[in-house]
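Remarks on the structure that follows.
The values are calculated or read from the model by the stated rules, or taken from the named source; none is laboratory data. All of these numbers come straight from a predicted model, not from anything done at the bench. Cβ placement follows ideal geometry from the backbone for every residue including glycine, while neighbour counts extend to all protein chains displayed.
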There are 2 protein chains.
Amino acid sequence: MRADARRNYDHIVATARVVFAEDGPEASLNEVARRAQVGPGTLYRHFPTRQALLVAVFRERIDRLCALADELAAEPGGDGGAGEAMGAGGAGREAGEALTAWSQALLLHAQTDGGLSATMGDDPGFDCHTRLRAAATALVDRALRAGAIRADVVVDDLFQLVTGIAMTAPKERAEHLLSLALGGVLRG
Amino acid sequence: MRADARRNYDHIVATARVVFAEDGPEASLNEVARRAQVGPGTLYRHFPTRQALLVAVFRERIDRLCALADELAAEPGGDGGAGEAMGAGGAGREAGEALTAWSQALLLHAQTDGGLSATMGDDPGFDCHTRLRAAATALVDRALRAGAIRADVVVDDLFQLVTGIAMTAPKERAEHLLSLALGGVLRG
DNA sequence: ACCTGAACACCGTTCAAGT
DNA sequence: ACCTGAACACCGTTCAAGT
């Protein structure tokens, strides 16, 4: 990558971060190009779709979310064995708490600066949604094995509840709504 | 209202119903005007905002939802008295079932032809959201008095959960998600 | 190789001119 | 009193022409 191209790329991402924060994820791409002082063609060369630009802007945050999921999944108290299928033991409680904690982090991300848009639409090459889904799967599976959540819950349920709440609820109510929704997901 | 104006009005609504069903609630208003064979100015004269047009298209459906809420709220088994605050009695169960049934109807409406958009944004003069909210309040209050739902639940929680699910979940999964979410709302 | 920016087809919205 | 449709300022996106 040539030096001027690299500079343009970085400058576009930095500008887009500001513009998305101001105007939301539907912000005008021409406006981004204008403020980054490049032609619209240059923006489209680097980021052929809006998704691609959103992903570039939110990449770090998504990395952090994946890392958090990995940490939480690696904690002790994972499996509870067959005898603990009803989730009465401490392992079930910890698995449920880990899932709750991660859901809260995902909700916070989705609510901040339109992080949701970057996270959801699938995108060849990076595919945030798939990565987050994989990270979350470990947590959900562990909770299922420990009997901490309803047996008919799947990973996508978690995503759809969290993203739905992020889209509709005012910021102050979102946590409360998540606690309601998780109340139906968790057991006991 | 002059005869030709009335005819234009009706024709615009009928055309919009088709176009919204085809292209979703973000469909081009110029396209609606074109297909209704009126100038864009005529459309804007009758419907100063997109909301106003959406409301006109979905008015009947919203009326039906309000009527359903009224019926369900008028059913027997409403209050359980102070002694039944833990929701153990049949009245609590019925109040919970009524709330569940109405939530399912609201979900169905929100999922069909972008009914959500018409329902939500507030709109002086008709204000679907306010009307639906009032209708739902009776059901939620009754459920609260009967102890059928968590004490910290408010009407808006119900709306935000249902609309969030309608926005994010694929049609086939929506009912399952609603059952999860209501599992956290309901008691027992 | 990469950038530029004029150009295209659209959008929502308005408003002078008509009937 | 109501309708018309050209016009305006925008949008996303493309692509010949430049360096």
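Evaluate the stretch A:136-152: report whether one residue or more is at the interface with another protein chain (Cβ under 9 Å from one of its Cβ atoms) and more than 16 Å from A:Ala105 (Cβ to Cβ). Explain how you work it out, then say what you get.
The first filter runs over the stretch A:136-152 and keeps only residues at the interface with another protein chain (Cβ under 9 Å from one of its Cβ atoms), leaving A:150, A:152.
If we keep only those that are more than 16 Å from A:Ala105 (Cβ to Cβ) as well, we get A:150, A:152.
There is at least one residue in the stretch A:136-152 that is at the interface with another protein chain (Cβ under 9 Å from one of its Cβ atoms) and more than 16 Å from A:Ala105 (Cβ to Cβ).
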Of (1) modelled with pLDDT under 95; (2) under 14 Å from the mean Cα position of the chain (by Cα), B:Cys66 fails just (1)
Filter result (under 21 Å from A:Gly188 (Cβ atoms) and either more than 8 Å from every other protein chain (Cβ to nearest Cβ) or not in a helix (DSSP H, G or I) (or both)) within the stretch B:178-188: B:Leu186, B:Arg187, B:Gly188
Can you tell me how many residues in the stretch A:160-177 are surrounded by fewer than 23 Cβ atoms within 10 Å (Cβ to Cβ) and either more than 8 Å from every other protein chain (Cβ to nearest Cβ) or more than 17 Å from B:Met167 (Cβ to Cβ) (or both)? 6
Would you confirm whether any residue within the stretch B:72-93 is part of a helix (DSSP H, G or I), of a type outside the set (Gly, Ala, Ser), closer than 14 Å to B:Ala136 by Cβ and modelled with pLDDT of 95 or more? yes
Counting only residues that are crowded, with 20+ Cβ neighbours inside 10 Å and within 17 Å of A:Ala69 (Cα to Cα), the stretch A:103-114 contains a total of 5
Being within 13 Å of DNA strand C (Cβ to nearest atom) and β-branched (Val, Ile, Thr) is the filter here, so list the residues in the stretch B:13-49 that pass it. B:Val19, B:Val32, B:Val38, B:Thr42, B:Thr49
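State yes or no: is B:Leu53 away from DNA strand D (no atom under 13 Å from the Cβ), surrounded by 12 or more Cβ atoms within 10 Å (Cβ to Cβ) and at pLDDT 95 or above? I'd like the intermediate steps shown before the answer.
Working: away from DNA strand D (no atom under 13 Å from the Cβ): yes; surrounded by 12 or more Cβ atoms within 10 Å (Cβ to Cβ): yes; at pLDDT 95 or above: yes.
Yes, satisfied.
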Under 7 Å between Cβ atoms, at least 6 apart or on separate chains: pull out the pairs that start in the stretch B:15-42 with a residue that is touching a residue at least 40 places away in the same chain (Cβ under 8 Å) and end on any residue that is more than 10 Å from DNA strand C (Cβ to nearest atom) and not charged (D, E, K, R). B:Ala16/B:Val57; B:Arg17/B:Val57; B:Phe20/B:Val57; B:Phe20/B:Gly114; B:Gly24/B:Gly114; B:Pro25/B:Leu54; B:Pro25/B:Gly114; B:Pro25/B:Ser117
Read through the list (1) assigned to a helix (DSSP H, G or I); (2) modelled with pLDDT of 95 or more; (3) farther than 25 Å from B:Ala148 by Cα, then give the number of the only condition that B:Pro48 fails. (1)
Collect the residues in the stretch B:17-50 that are closer than 19 Å to B:Gln111 by Cβ and not aromatic (Phe, Trp, Tyr), keeping them in residue-number order. B:Arg17, B:Val18, B:Val19, B:Ala21, B:Glu22, B:Asp23, B:Gly24, B:Pro25, B:Glu26, B:Ala27
Which numbered condition trips up B:Val155, out of (1) surrounded by fewer than 17 Cβ atoms within 10 Å (Cβ to Cβ); (2) touching a residue at least 12 places away in the same chain (Cβ under 8 Å)? (1)
